[in-house]
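So the structure is just underneath, and the comments pick up after that.
The values are calculated or read from the model by the stated rules, or taken from the named source; none is laboratory data. What you see is a predicted model; the values in this text were computed from it and never measured. So basically every Cβ, Gly included, is an ideal-geometry build from the backbone, and we count neighbours across all protein chains shown. Just so you know, the surface numbers come from the protein's heavy atoms only, side chains and all, with ligands and any DNA or RNA stripped out. Shrake-Rupley method; radii C 1.70, N 1.55, O 1.52, S 1.80 Å.
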2 protein chains.
Amino acid sequence: MEELEHPDRAGLRIEAVLAALDHPVRLRVVRTLADGEELTCRQILPEMTKSSASHHWRVLRENGIVEQRRQGRNLYMRLRRADLDARFPGVLDAVIDG
Amino acid sequence: MEELEHPDRAGLRIEAVLAALDHPVRLRVVRTLADGEELTCRQILPEMTKSSASHHWRVLRENGIVEQRRQGRNLYMRLRRADLDARFPGVLDAVIDG
DNA sequence: CCTATAGTTCGATTCGATTCGAACCGTATC
DNA sequence: GATACGGTTCGAATCGAATCGAACTATAGG
């Protein structure tokens, strides 16, 4: 398993953010994490096949939407609200509020 | 030719906005129209084939990004900044400012 | 060590968006 | 009417993203 690579705040790109958010599954993930809670992958997408879910985790992480942290066997996800609000104020709220 | 159908302000959906903006050509169109100017299709995308351009115009219109107006042979485009700012404050600025 | 669990990676497939050419529609101009 | 111009529509081709199964890595627990 590779290291979990996240873009830093300055490295966030709006094009990447738009691409990451333009998918119903990933949009649902964002809304699930909207309250700031830190959840595991299985908690968020229990019904999806592992490989498909893993694909979406990578997109969300590499495009700067979530921060991921490994603890034991689990992968915990947290919305990067502070970073996203700082770089693109309003975008996350628009997505979450629908 | 069909009538130009635009969603009204209340009908704007963030999913549709994200889908419309998640494309380099359409992103360029939005940035070209950022200053509020009203331009014709040919002025904005002169190099693209007509059919491809027409496809993008439709996405931008039906997803609520631009308002289109026919005058003679020309189609004029205008960014729906007021509507988008009202429904999804910050999104358009984030996209335009990069 | 053995087994179960969580997630990744790979290759193949599927599916939708993009692209284009060609034919068409409407308008302007002669 | 004839021609040119600006866009649309259609069908076909292309291309990339999403999906999945299978094999794999790594950790937890017995």
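Mind checking the dipole of segment B:9-97: about its Cα centre, +1 per Lys or Arg Cβ, -1 per Asp or Glu Cβ, Debye to the nearest 20? Can you show the working numbers first?
Numbers: 16 positive and 12 negative charges, 94 e Å.
With only Lys, Arg, Asp and Glu charged at Cβ, the dipole is about 460 debye.
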So the label point sits 7 Å from Cα along the Cα-to-Cβ vector; using that for B:E38, what distances do you get to the other copies, in nanometres, sorted shortest first? 5.4
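I need the shape label for the protein assembly as shown. Rule: rounded when a/c is under 1.5, else prolate if a/b > b/c, else oblate, with a, b, c from the alpha carbon gyration tensor.
Because a/c hits 1.5 or more and a/b exceeds b/c, the protein assembly as shown counts as prolate.
Considering only protein heavy atoms, what per residue accessible area in square angstrom results for chain A with a 1.4 angstrom probe? Please list the in-between numbers first.
Working: 5390 Å² over 98 residues.
Spelled out: the 1.4 Å probe surface of chain A, per residue, equals 55 Å².
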So what is the relative contact order of chain B, in percent, for Cα pairs below 8 Å that sit 6 or more residues apart? 36 percent
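Quick check: from the Cα gyration tensor, does chain A come out rounded (a/c under 1.5), prolate or oblate? Write down the numbers at each step before the final one.
Details: a/c = 1.60, a/b = 1.33, b/c = 1.21.
Prolate is the answer for chain A, as a/c is 1.5 or above and a/b outweighs b/c.
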Would you mind checking which residues have amide H under 5 Å from A:T40's amide H? H placed 1.01 Å from N; only 5 or more apart, or other chain. A:M77
Using a simple spin-label model with points 7 Å from Cα along the Cα→Cβ vector, what separation in nm is obtained for B:R78 and B:R31? 2.4 nm
Nearest beta-carbon to the B/A symmetry axis - residue in chain B, distance in Å: B:G90, 1
Once both labels are modelled 7 Å past Cα along the beta-carbon direction, what's the B:A86-B:M48 spacing in nm? 2.7 nm
Can you sort B:I44, A:I96 by 1.4 Å-probe accessible area, starting with the largest? A:I96, B:I44
What 222 nm value per residue comes from the helices of chain B, counting each DSSP H run with n ≥ 4 as -39,500 (n - 2.57) and dividing by all residues, nearest 500 deg cm²/dmol? -13000 deg cm²/dmol
Going 7 Å from Cα along the Cα-Cβ axis for the label, what nanometre distances separate B:T49 from the same residue across the other copies? 3.3
Given H placed on each backbone N at 1.01 Å, which residues far from A:V66 in sequence or on other chains put an amide H within less than 5 Å of it? A:R61, A:R80
Near the amide H of A:F88, under 5 Å away, which other amide H atoms are found, from residues 5 or more places off or on another chain, if H is placed in the peptide plane? none
Residue-wise HN-Hα coupling along segment B:77-91, computed from phi with Karplus coefficients 6.51, -1.76, 1.60 (Hz; x: Gly, Pro): 10, 9, 5, 8, 5, 4, 5, 5, 5, 5, 7, 10, x, x, 5
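Before we go on, tell me the buried accessible area for the A/B pair, both chains summed, 1.4 Å probe, in Å² to the nearest 100.
On the way: alone 5990 and 5990 Å², together 10770 Å².
Between A and B, the summed buried area is about 1200 Å².
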Using alpha carbon centers only, segment B:1-60 is separated from segment A:13-58 by a whole-angstrom value of 28 Å
Of A:S51, A:A16, A:G64, whose Cα points farthest to the positive end of the dipole of segment A:9-97 (charges on the beta-carbon: +1 Lys, Arg; -1 Asp, Glu; origin at the Cα centre)? A:S51
